[in-house]
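Here's the structure, in structure tokens; my notes come after.
The values are calculated or read from the model by the stated rules, or taken from the named source; none is laboratory data. Here the structure is a predicted model, which means the values were calculated and not measured. Neighbour counts are summed over all protein chains in view; Cβ atoms, including those assigned to glycine, are modelled from backbone coordinates with ideal geometry.
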Amino acid sequence: MTPAERTFRAIAVQPKWGAADFATSDTFRAWMRSQLELSRPHLAPDHPNLVVLTELNGLPLVLRGVPLAVRAGTFERAALVLVLRHLPHVLPVLLRERVFPIRALQLALSAENTRLYLETCRDLAREYGVYLCCGSTPMPRYRLEGRRLVREPGTLHNETALLDPRGELIGVADKVHLTPAEEAGGVDLTPGPLGELRVFPTPVGDLGVAISLDAFRADVISRLEVQGCTVLLQPDANGAPWTSLEGLPPDPANLRDQPVAWLESSWQATTTGQAIRYAVNPMVVGNLLDLTFDGQSAITGREEDTPDPRSYVLTDPRPGFLALTPWVEDGPPDALRAAGQHLAARSGHARENEYRTDVLHADLTLPPSRVPVPPRTEHERALAALLRGEATLPRSRPLWPLLAVLALLLAIWRRR
């Protein structure tokens, strides 16, 4: 290694989640901290550390403070409970911004949930002294007006924030290609603009983010490649049994095993790409209400860096995996497919929700960066001010006064 080269340690955390982890602010902080605690024994003492968390790890914060929603059992029932519970805050968003109820609910709660999410991640990055890819969370677009963050109406991205060891914001990235579950009828998010994806030079690589499905898409990977991305970050939440079949746009009829499809993301980017040298792909596991999440986290590299062949279950061994979480078991394909169904939400099987958690790490070396620091967007300036304590997020205003007036008018009308 020459003195100018950068050596650092990449860590991918595969946590298990459940609705109870998001019941209160304290349970959320404890769940996030537990992932950094899992990382602690693997932190390198003599060079920088990059910890990468999983996709949408802030989404279930909408459950916070509503025990009935936590116990609802299904996403559909929880959403109904939450909209009714927060109706005075949700209704103004519905009327003013003309969005569907699920997005209105998330936007109505976004001020407190955004602050809790970002401040929790900031504190963890500082405490553990790591570069932190926070995972991702539904995030509105903000601008700074004086000392206040002002939310852009109607917009809600699946967004990753990158922080340095001081808890300072490096930058953000929005998911460009949404899955059907993230579109209207599901979580109801806003696709991110492809043109806003940038690469951030740091001591732990020239970081480019491709959240989940984005890592499968050539337009995203090529945009990051041309900007000089050397380390691809792929936070993931795969909402299906790992050994089931999947088919996603643009060709939903092209069904194949989930692990076979996953070879077209991080592994393909590092083994066939030009600038991209390494990729870190953590995947969350666990049954969240009636939703199933499973996968195998991985850190991948060039084939010449990883000559020992191995791969996901249901695929043939191959070079390119620096570190890989084993699945819950190994065996013939039919047994693996059956096991995936046994683990799934509401299966009723004795093995339901018995997923594997893990922490992966790999020491990576790169030449000096030649990537310029990208200018900050207005949204990033607003979030940076929030994290430094220089700005606040105003809470949404409830509709209680208007509802009270309507109730009074209704009472007068009935008397007449």
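Every condition in (1) assigned to a loop (DSSP other than H, G, I, E, B); (2) over 26 Å from Thr365 (Cβ atoms); (3) not hydroxyl-bearing (Ser, Thr, Tyr) holds for Gly228 except the one numbered (2).
Among the residues examined, Thr160 qualifies as among the polar types (S, T, N, Q), in contact (Cβ under 8 Å) with a residue 40 or more places away in the chain, buried (at least 24 other Cβ atoms within 10 Å of the Cβ) and closer than 27 Å to Gln258 by Cα. Hey, can you tell me all the residues within region 183-202 that are in contact (Cβ under 8 Å) with a residue 40 or more places away in the chain and surrounded by fewer than 16 Cβ atoms within 10 Å (Cβ to Cβ)? If the condition is that a residue be in contact (Cβ under 8 Å) with a residue 40 or more places away in the chain and surrounded by fewer than 16 Cβ atoms within 10 Å (Cβ to Cβ), then Ala184, Gly186, Glu196 are the ones that fit. Residues being out of contact with any Gly (no Cβ under 9 Å at 6 or more places or on another chain) and farther than 15 Å from Arg356 by Cα are represented in region 296-305 by at least one member.
Return yes when Ser222 is surrounded by fewer than 24 Cβ atoms within 10 Å (Cβ to Cβ), among the hydroxyl-bearing types (Ser, Thr, Tyr) and not in a loop (DSSP other than H, G, I, E, B) and no when it is not. For Ser222, the condition - surrounded by fewer than 24 Cβ atoms within 10 Å (Cβ to Cβ), among the hydroxyl-bearing types (Ser, Thr, Tyr) and not in a loop (DSSP other than H, G, I, E, B) - is met. Checked against the criterion of being surrounded by fewer than 19 Cβ atoms within 10 Å (Cβ to Cβ), out of contact with any helix residue (DSSP H, G or I) (no Cβ under 6 Å at 6 or more places or on another chain), of a type in the set (A, V, I, L, M, F, W, C) and closer than 19 Å to Leu291 by Cβ, region 246-253 contains one or more residues that satisfy it. Selection within region 345-359: residues that are under 30 Å from Leu36 (Cβ atoms) and touching an Asp or Glu at 6+ places or on another chain (Cβ under 7 Å). The member of this set that is surrounded by the fewest Cβ atoms within 10 Å (Cβ to Cβ) is Ala345. The set of residues from region 84-119 being buried (at least 18 other Cβ atoms within 10 Å of the Cβ) and either of a type in the set (D, E, K, R) or not in a helix (DSSP H, G or I) (or both) comprises His86, Val99, Arg103, Leu109. Just checking, does region 352-366 include any residue being modelled with pLDDT of 95 or more, outside any strand (DSSP E or B), closer than 30 Å to Glu196 by Cβ and not aliphatic (A, V, I, L, M)? No. The strands (runs of 3 or more DSSP E) found wholly in region 237-348 and carrying at least 2 residues that are within 25 Å of the chain's Cα centre (by Cα) and over 30 Å from Arg64 (Cα atoms) occupy 278-281, 298-300, 321-324. Residues that are farther than 23 Å from Trp327 by Cα and modelled with pLDDT under 95 do not occur anywhere in region 16-36. Taken over region 59-77, the criterion of being of a type in the set (Lys, Arg) and in a helix (DSSP H, G or I) is satisfied by Arg77 alone.
Scanning region 19-32 finds no residues that are under 26 Å from Thr202 (Cα atoms) and either free of Cβ contacts under 8 Å to residues at least 40 places away in the same chain or not in a helix (DSSP H, G or I) (or both). Of all residue pairs spaced 6 or more apart or on separate chains, none has beta-carbon atoms under 7 Å together with a first member in region 34-57 that is buried (at least 17 other Cβ atoms within 10 Å of the Cβ) and a second member that is modelled with pLDDT under 95 and not small (Gly, Ala, Ser). Within region 227-259, being hydrophobic (A, V, I, L, M, F, W, C) and modelled with pLDDT of 95 or more holds for Cys229, Val231, Leu232, Leu233, Ala237, Ala240, Trp242.
For region 163-181, a residue qualifies if it is of a type outside the set (A, V, I, L, M, F, W, C) and surrounded by fewer than 24 Cβ atoms within 10 Å (Cβ to Cβ), and the qualifying residues are Asp164, Pro165, Arg166, Gly167, Glu168, Gly171, His177, Thr179, Pro180.
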